[in-house]
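Have a look at the structure below, then the notes.
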Amino acid sequence: MLCMKKYILLYSNKKNEDNICLTNMFKNNRQINIGWNDFDIKSDMKVIDELVNEGYEELIFGGFETGWDILISNVKDKYHDLIVKVICNTQDSLLYYDYERDNFFKLLELTKNKIVDEIAFLRKSQYELYKELGYSCCYLLENYVLDKKIDIEKHSDDKIYLGVYPLSYTWDKNIFNQLCVGKMLDNSIIRYNCLDERMKDFLDTMHIDSIPVKLSDINDQVIINEVIKNDVVIATSFTEYLHPLFLIAMELGIPCLIGNNSDFFDDCLELKEYVVTSAEDNAIINSEMINKLLSNRNKVINLYHKWKKEYNQRAEESIKQFIG
């Protein structure tokens, strides 16, 4: 049996979407500050001092945020034997953003200089690339496991409810193409996370029936409470490295359509044909796929549970190997 080191996952409040999966995968976790200034870095260092005194051998950073290069360097200067690992919370397609690019290059530099002991990448192709380039890294399988039964809400009408819940208002979330699907499906209503008034303006202009909601204090329970109100969830973003909406919806028994941006289904092509679109920006194709999902709901959910049982085992093994 693999004996894991005493570890803790440290994460910030910047990317709540990521934290839904990561805190589910790593039950031992604690939120710390982003290092915007010296006060934040010093506060985080005090937390880490406490953790070391409690016997923690390994710090796993759930992402790499501003100021954490300084924090990790300070940690390694003070505690030479403490293991520091980082779960990469960006990918090459997102280096379009200055914030993502600057922090990612700092992470690579710290790893190259052996200050960060290992990077976990959540996409296989990204792992293979940086492994080939000589970085100490591994491939970590993302996951979310729902360990309790939750009843799906029954509608009092015959409408088809489509859930669209982006958690950030950025180009890669492909928001407006997702909202367009409501125009192509008769008798449908879009329930959506209203991140910007332009979303409501667009839906009103297109005469798409919709119900805006404003998700706040994002966590998995907030997502669950919204997802259960839908017949199908649409999460066809252009690029992703974590897929909490998809995993939560499918765990609840609600079909979810995602973009072609995961490593999930190479070993289950039948399920992939139902839940993965290769045309994230084509509302006509995606509306047809949703009709297919609705007509084959029980089959899709059964295929998912069969696939997920084996996937859970592989994901858990990848976590154990990463912790070491």
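The values are calculated or read from the model by the stated rules, or taken from the named source; none is laboratory data. These figures come from a predicted structure and were not determined experimentally. Virtual Cβ from ideal backbone geometry, glycine too; neighbours counted across all protein chains shown. Keep in mind that these areas ignore ligands, DNA and RNA; they rest on the heavy atoms of the full protein, side chains included. Shrake-Rupley method; radii C 1.70, N 1.55, O 1.52, S 1.80 Å.
Entry for the range 239-304 at q = 0.13, 0.15 Å⁻¹: log10 I(q)/I(0) = -0.31, -0.42, Debye formula applied to identical alpha-carbon scatterers, no solvent contribution.
Got a sec? Which residues in the range 227-246 would a label at R198 touch, if it sits 7 Å along Cα→Cβ and we count backbone N under 19 Å? Residues 236-239 fall inside that zone. 3J(HN,Hα) along the range 134-141, derived from phi through the Karplus expression 6.51 cos²θ - 1.76 cosθ + 1.60 where θ = phi - 60°, amounts to x, 7, 6, 7, 9, 9, 10, 7 Hz, with x in place of Gly and Pro.
Just add up the charged neighbours of F105: K/R +1, D/E -1, any other residue whose Cβ is under 13 Å from the Cβ of F105.
Net of charged neighbours comes to -3.
Net length available on complete extension from D92 to E109 is 4.5 nm, with 0.36 nm assigned per residue and the Cα-Cα distance removed.
What fraction, in whole percent, of alpha-carbon pairs in the chain exceed 37 Å separation? So the portion of pairs separated by more than 37 Å is 20 percent. Amide hydrogen proximity for C138: with H placed 1.01 Å from N in the peptide plane, the residues at 5 or more positions away or on another chain lying under 5 Å are I119, A120, F121. Across the range 97-112, rounded Karplus estimates of 3J(HN,Hα) from the backbone phi angles (6.51 cos²θ - 1.76 cosθ + 1.60, θ = phi - 60°) give 7, 4, 4, 5, 5, 4, 5, 5, 5, 5, 4, 4, 5, 5, 5, 4 Hz, Gly and Pro being marked x.
Amide H contacts of I160 (H built 1.01 Å from N, in plane; Pro and chain starts excluded): S188, I189 sit under 5 Å, all sequence-distant by 5 or more or on other chains.
When you count the other C-beta atoms within 10 angstrom of each residue and take the mean per peptide, 274-285, 47-58 line up highest first as 274-285, 47-58. From its DSSP helices (H runs of at least four residues, each -39,500 (n - 2.57)), the chain gives a residue-normalised ellipticity at 222 nm of -14000 deg cm²/dmol.
Just in the range 23-109: which trypsin sites (Lys or Arg not before Pro) are loop by DSSP and have at most 13 other Cβ atoms within 10 Å?
Answer in residue order: K27.
Computed over the alpha-carbon pairs of the range 7-57, the distance histogram in 10 Å steps reads 25, 48, 27, 0 percent, short to long.
The accessible area of H155, taken with all protein chains in place and a 1.4 Å probe, comes to roughly 60 Å². Give me the Debye-computed log₁₀ of I(q)/I(0) at q = 0.10, 0.15 Å⁻¹ for the range 68-218, equal point scatterers on Cα only, no solvent, two decimals. One equal scatterer on each Cα of the range 68-218 leads to -0.58, -0.93. Computed with a 1.4 Å probe on the full set of protein chains, the accessible area for W171 sits at about 120 Å². Considered as an equivalent ellipsoid built on the Cα gyration tensor, the range 187-253 has semi-axes of 21, 14, 13 Å, the largest given first.
Counting only Cα atoms, I'd like the Rg/Rh figure for the range 26-142, Kirkwood definition for Rh. Reported Rg/Rh (Cα atoms, Kirkwood Rh): 0.95.
Spatially, the range 250-324 and the range 174-215 are offset by 23 Å when compared through their Cα centroids. For R297 and K6, a Förster radius of 45 Å and the Cβ-Cβ distance give a FRET efficiency of 0.55, rounded to the nearest 0.05. For K114, the lysines whose Cα falls under 24 Å of its own Cα, not counting residues fewer than eight places away in the same chain, are K5, K6, K42, K46, K76, K78, K85, K106, K124, K131, K320. Of interest is the spacing of the C-alpha centroids, which for the range 47-94 and the range 112-152 amounts to 15 Å. All distinct Cα pairs of the range 141-231 go into the 1/r average, and the inverse of that average, the Kirkwood radius, is 14.3 Å.
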